[in-house]
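> Dropping a structure here in structure tokens format, bear with me for questions.
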Amino acid sequence: MTEVRVPYGDKEICVDIPKENLIGIIDPIPVEKRNEEHVVNESLRNPISHIEFSRFIKNGRILFIVNDADRPTPTKKILDAIWDKIKDTDFEFIVATGSHREPSREELEEIFGIDRFGEIGDRIHIHKSRDDEFEFLGKTSKGTEFLINKRVMEFDKLININSLEPHYFTGYTGGRKSFLPGSSSYKTIEQNHRFALDKNAITCKLENNPVHEDMTEAVSILEKKKSIFSINIVNDNNKDIYDSKSGDWRGSFLRAVKSCKKIYCVPIKERADIVITVAQRPLDKNLYQSQKALENGKMALKRDGYLILVSKCDNGIGPSEFYNLLEKSDIPEELFNEIKDNYKLGYHKAAKFIDLATWAKMCAITDLNDKIVRNCFMTPFKDLQDAIDNAIEEKGKDAKILMLRNGAVTVPLLS
């Protein structure tokens, strides 16, 4: 037997997997440890297609656009690195929640740091996609009505702080996502995310990806009205800053994509009969975010294989629209028709669950109620060891097993 330690929330679960069955434990690719502050400041001094950061922040009101707690963006570290440069400027912050819930005070302290939050808390606005006032900037060629938070338009200069990870329908997070969905109206997000049903809206794909193209076009509209400076961070598997690309929002994003691929796109020699895929902090906080681990796990799995999700989901389901649809029926075909005919924001997530259910057998180890897990076409288990033993029994004693220890961001690619 091989003893394997599996992350679960802030703790670990120990399981035994037969040596003859375990063909690999997949982690993001290790990279050299770098001086984080040096990496950030070097990118600010040598930005891509832009004036350097110290010159950009001179004169005018500045709005910093930062991610919410559902993204592993090292916002606090970035602020620590640039604080001496910005502390005497006229600045405010907006937390780009997109359609996500409002972060708690504890999460805001996690984003900004306790001391920094205490210092600038009155200059932080939380984006609310349903309740804030919005300004219409125009339509994209795909028909998306680009309505952005009015507060964004009140500032002379915009600086978005972002991080990049593979994403299951936008290709990658980061860059343009600060604006759409991050600072857009619910209506705009819904119109954009309907393209997630397209066959080209998949992990690590940008070319011909309609969601990415639509977001990019929307930010191009905004760029004609506002000066934008982007800071795009790539973390390593230890959540330390590995790379930073700054400057022009489009160029810095595309350069950061190359570093992201280097770490998170991992070659595998063969697909497995059983894949254990783990959602780690912060993407394990709810089922909505944890689904990304299932999508990546599928890429390492043989058809009709057994997919085991490990995710604490201590904040529950997350945005509930996808679940409200899934609990209506246990017949996938009925739900697919509903999604196509009456798309609502969140239905793309339901479509992914349904597609997985027709492709593999799924089970889940979470803190969720068993009924919720079953409504998402997964079998609930309270004990990971039981789930593994059951999968081996079902797939046979020669079943091959792969584990994605950070499955929400690791993309296994068949070499």
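> For residue 237, indicate whether it is among the polar types (S, T, N, Q), in contact with a helix residue (DSSP H, G or I) (Cβ under 8 Å, 6 or more places away or on another chain) and surrounded by fewer than 24 Cβ atoms within 10 Å (Cβ to Cβ).
yes
> Quick check on region 257-275. Is at least one of its residues in contact with a Pro (Cβ under 9 Å, 6 or more places away or on another chain), of a type outside the set (D, E, K, R), at pLDDT below 95 and surrounded by fewer than 21 Cβ atoms within 10 Å (Cβ to Cβ)?
Scanning region 257-275 turns up no residue that is in contact with a Pro (Cβ under 9 Å, 6 or more places away or on another chain), of a type outside the set (D, E, K, R), at pLDDT below 95 and surrounded by fewer than 21 Cβ atoms within 10 Å (Cβ to Cβ).
> Okay, moving on. Report whether or not residue 99 is of a type in the set (Gly, Ala, Ser) and at pLDDT below 95.
yes
> OK, next. Here is a check on your reading of the model: is residue 41 farther than 14 Å from residue 161 by Cα, more than 24 Å from the chain's Cα centre (by Cα) and assigned by TED's automatic domain parsing to the domain that holds residue 121?
No, not satisfied.
> Collect the residues in region 58-108 that are surrounded by fewer than 16 Cβ atoms within 10 Å (Cβ to Cβ) and closer than 22 Å to residue 287 by Cα, keeping them in residue-number order.
Hits for region 58-108 are 102, 104, 105, 106.
> Can you find a residue that is farther than 20 Å from residue 290 by Cα and in a helix (DSSP H, G or I) anywhere in region 368-379?
No, region 368-379 contains no residue that is farther than 20 Å from residue 290 by Cα and in a helix (DSSP H, G or I).
> Take the residues of region 385-414 that are in a loop (DSSP other than H, G, I, E, B) and within 25 Å of the chain's Cα centre (by Cα): which is surrounded by the most Cβ atoms within 10 Å (Cβ to Cβ)?
Ranking the qualifying residues of region 385-414, first place goes to 407.
> Looking at 51, 23, which one is at pLDDT below 95, over 20 Å from the mean Cα position of the chain (by Cα) and either in a loop (DSSP other than H, G, I, E, B) or farther than 14 Å from residue 160 by Cβ (or both)?
51
> Sticking with this one: Determine which member of the set 71, 123 is modelled with pLDDT of 95 or more, in the same structural domain as residue 159 (by TED's automatic domain parsing) and of a type in the set (Lys, Arg).
Sole residue among the options that is modelled with pLDDT of 95 or more, in the same structural domain as residue 159 (by TED's automatic domain parsing) and of a type in the set (Lys, Arg): 123.
> Consider residue 139 against the criteria (1) surrounded by fewer than 21 Cβ atoms within 10 Å (Cβ to Cβ); (2) basic (Lys, Arg); (3) touching a residue at least 60 places away in the same chain (Cβ under 8 Å): it satisfies all of them except one. Which criterion is unmet?
Only one criterion is unmet by residue 139, namely (3).
> Name every residue in region 168-217 that is over 24 Å from residue 130 (Cα atoms), touching a residue at least 40 places away in the same chain (Cβ under 8 Å) and among the β-branched types (Val, Ile, Thr), in order of residue number.
203, the sole residue that qualifies.
> I've got another one for you. Of all residues in region 25-38, which are surrounded by fewer than 18 Cβ atoms within 10 Å (Cβ to Cβ) and touching a residue at least 60 places away in the same chain (Cβ under 8 Å)?
Hits for region 25-38 are 25, 27, 29, 30, 31, 33, 34.
> Which members of region 158-189 meet the condition of being in a helix (DSSP H, G or I) and either touching a Phe, Trp or Tyr at 6+ places or on another chain (Cβ under 8 Å) or among the small types (Gly, Ala, Ser) (or both)?
Passing the criteria: 175, 176, 178, 188.
> Taking residue 323 as the residue in question, decide whether it is in a loop (DSSP other than H, G, I, E, B), crowded, with 16+ Cβ neighbours inside 10 Å and either of a type outside the set (Asp, Glu) or assigned by TED's automatic domain parsing to the domain that holds residue 285 (or both).
No.
> Sticking with this one: In region 288-320, how many residues are within 21 Å of residue 166 (Cβ to Cβ) and either of a type in the set (Val, Ile, Thr) or not assigned by TED's automatic domain parsing to the domain that holds residue 404 (or both)?
Number satisfying all stated conditions: 2.
> Within the set of pairs 6+ apart or on separate chains, which have a first residue in region 104-127 that is under 12 Å from residue 68 (Cα atoms), a second that is among the basic types (Lys, Arg), and C-beta atoms under 9 Å apart?
Close Cβ pairs (under 9 Å, with a partner that is among the basic types (Lys, Arg)) amount to 109/116; 110/76; 111/76; 112/76; 125/151; 127/151.
The values are calculated or read from the model by the stated rules, or taken from the named source; none is laboratory data. In this text the structure is predicted, and so the values were computed from the model without any measurement. FYI the Cβ positions are ideal-geometry reconstructions off the backbone, even for glycines, and counts take in every protein chain you see.
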